[in-house]
Amino acid sequence: MEEGKVTTEKEVDRLIQKMKAPILGIDFTRTGRPRRASTHLLTVGPQNVCDVMDDSSATNFVNPGCCGGGCSRLPEGSVSLGTSSGTVSDFVKAPDNAAFKSLNLRLSLLTSRDKLTGITALPAQTISLEPVDEEEKHESTVYVHPPKYVTPHPPWTVYSAKIDCARELTKPGAPKRTYHFDLDVTDYPEEIAGVDFRVGGAIGVVAPNDFKRVAEILDILGIDEDERDAPIQLNTQGGRWPTIWGKAKERALTTTLRELMTWTVDIQSYPPTKDLIRLLAEYAKDQAEKTILLYLCSRQGQAAFCELRTGPYISLIQLLNAFPSSKPPLDHLLCNLPTLMPRFYSLSSDPRESKSKDHRIIEIAVTIHEHEEGWRKGNRTGVGSGFFERCARRIIDEGANDVRIPMFRGLMANPLAKQFQADGPMLLIGAGVGIAPFRGFVQRRLQSANCANKVWVIQGVRDSLLDELYSGEWGEHEDKIRSVVQSRVGTGRYVQEEVFAQADLVWSIVNSVDGRVFVCGSSKGMGEGVHESLVKVVMKKSKLGREQAEEFWEQKKKDGQYIAETW
């Protein structure tokens, strides 16, 4: 707009609307005298635009490029938490660090003078940490095994299984890395008579937090090195923590700060809660950080908080770096972090068949879940998969020969294990690591001569040269029983498309008296696509409508003939 041109109020409003960015979290419940639009005629130039903003009756300009939803007059690095009547002195100085900026907080226009309402109450401190007698001895196994009080299937303890062999199944360049592990369970104790590892079952693994990330958190909180491994007494007011699935009761036990941070709380898998943010606000020494954190816990900041939770996962380390003045006491922090839960991994072999004559070996496959940090260089791996990869690299790269996995027998009665039968036609559909349990199915079934031509596998991969799992390890009839579908090369066919292409096979199996269809893998994409293809197969072969076809598969689920294990 040329300087000196007289502009009407309508044109100014049009300019304002063009420059507006989305505003989230405004509390529309407040009452009071409604604002009236300005009725001034303006000579609009660079300075005059700013004059509009100094007029408390004029609508604010919002610069889409500013951080956190501030207006174009905000000092660089500031966040507007105020109404249009706020002055520059009311603006809150946003933390100037990469961790905070990566949160992408879109804060609404409220001044620091406005009263925040509905702020979450400070969460209670339900545990206490006290020093113990200096003469008391405590043998910590923090780097190799969880403390004895961590009991995921009481009254039995966690078993330390040696990794007999580790190898990478995928090739360099694969979008996701997958590893195979042979675990020695020769001395696994008999817990209940008749209960054993079963084909299709899943073991539970008590994986620790990354030791380096635990040390980083303790560094941020200012906890001295000599305090981290010194014996302390933990007193709880009730509940199951830190035992995972023990009885709910008060506890008094000896442990260390490093043990608690490593084995009992999840520091990265879940989005932050309001209780956690409220706790950080309570101990924030910087007033601007405190204001922003309280805002996220308030009614006015509800929308901004929801965006924070529904975006990429935010780890505890990122939050502590985003608000560096907040250093909550560890005892108060621990009661506001989620419990670190076991991870479950399907057996990828028939546990009845061991590779070794002298040792009992069970096999699993683990795909690495990895995400960019976003606020600093590097990637973050999942708690369980990251732990397995670190173990694998110690064996593969460093030649370590005594690497162990804390595990327990786990889910031997999950749908895959319960519905497996030693006879009858069977179609196994999987993609990625979801194919792993079916390898055990095939091994068991092919031991019986009367099972020839009764087992079929449809395996989805991206590129068979990079991520085809267990190629050549399905038995001597592999070429006859297995169909590999590649989605990223050649014709680019997905596993669900192959299912529909083999409609005759699917239809013949599900109409057999004891025929079964198993599906295993990710629910999004593959799982949903395969189900849709199965519905279409029924519509095509039986001439039923969609509703009747859906009911057909629901009945097959009830009859144990259609088993889908997806996540």
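The values are calculated or read from the model by the stated rules, or taken from the named source; none is laboratory data. This one's a predicted model, so the numbers in the text were calculated from it and none came from an experiment. Because the Cβ atoms are built from the backbone with ideal geometry, glycine has one as well, and the counts that use them run over all protein chains shown. When the accessible area is computed, the model is the full protein with side chains, heavy atoms only, and any ligands, DNA or RNA have been set aside. Shrake-Rupley method; radii C 1.70, N 1.55, O 1.52, S 1.80 Å.
What to note about this one:
- Selection status of Ala549, in the same structural domain as Trp456 (by the TED database), small (Gly, Ala, Ser), free of Cβ contacts under 8 Å to residues at least 24 places away in the same chain and under 19 Å from Pro425 (Cα atoms): no
- Residue that is least open to solvent (accessible area, probe 1.4 Å), among those in region 527-566 that are among the polar types (S, T, N, Q) and assigned to a helix (DSSP H, G or I): Ser533
- Residue, least open to solvent (accessible area, probe 1.4 Å), within region 451-483, restricted to residues that are among the small types (Gly, Ala, Ser) and part of a loop (DSSP other than H, G, I, E, B): Gly475
- Of the residues in region 255-267, at least one is within 22 Å of the chain's Cα centre (by Cα) and hydroxyl-bearing (Ser, Thr, Tyr).
- Failed condition for Gly490, given (1) farther than 21 Å from Lys454 by Cβ; (2) assigned to a helix (DSSP H, G or I); (3) of a type outside the set (S, T, N, Q); (4) open to solvent by 40 Å² or more (accessible area, probe 1.4 Å): (2)
- Region 90-104, subset of a type outside the set (D, E, K, R) and part of a helix (DSSP H, G or I), residue farthest from Phe323 (Cα to Cα): Ala98
- Of the criteria (1) at pLDDT 95 or above; (2) under 19 Å from Thr151 (Cβ atoms), which one Glu190 fails: (1)
- Residue among Gly515, Gly525, Gly475 that alone is within 32 Å of the chain's Cα centre (by Cα) and not hydroxyl-bearing (Ser, Thr, Tyr): Gly525
- Matching residues in region 188-228 - criterion: being part of a loop (DSSP other than H, G, I, E, B), open to solvent by 70 Å² or more (accessible area, probe 1.4 Å) and touching a residue at least 12 places away in the same chain (Cβ under 8 Å): Arg198
- Test result for Asn60, touching a Cys at 6+ places or on another chain (Cβ under 6 Å) and either under 30 Å from Glu227 (Cβ atoms) or modelled with pLDDT under 90 (or both): yes
- Taking first residues from region 402-428 that are closer than 13 Å to Phe197 by Cβ and among the polar types (S, T, N, Q) and partners that are open to solvent by 10 Å² or more (accessible area, probe 1.4 Å) and part of a strand (DSSP E or B), the Cβ contacts under 8 Å between residues at least 6 apart in sequence or on separate chains come to Asn414/Glu565.
- Filtering Gly424, Gly399, Gly430 for residues that are crowded, with 21+ Cβ neighbours inside 10 Å and of a type outside the set (A, V, I, L, M, F, W, C) leaves a single hit, Gly430.
- Residues of region 271-310 satisfying the condition of being touching a His at 6+ places or on another chain (Cβ under 9 Å) and either buried (at least 20 other Cβ atoms within 10 Å of the Cβ) or of a type in the set (D, E, K, R) (or both): Leu279, Glu282
- Gly515 being open to solvent by 60 Å² or more (accessible area, probe 1.4 Å) and modelled with pLDDT under 95: no
- Leu333 being open to solvent by less than 30 Å² (accessible area, probe 1.4 Å) and in contact with a strand residue (DSSP E or B) (Cβ under 8 Å, 6 or more places away or on another chain): no
- For region 238-261, a residue qualifies if it is charged (D, E, K, R) and part of a loop (DSSP other than H, G, I, E, B), and the qualifying residues are Arg240, Lys247, Lys249, Glu250.
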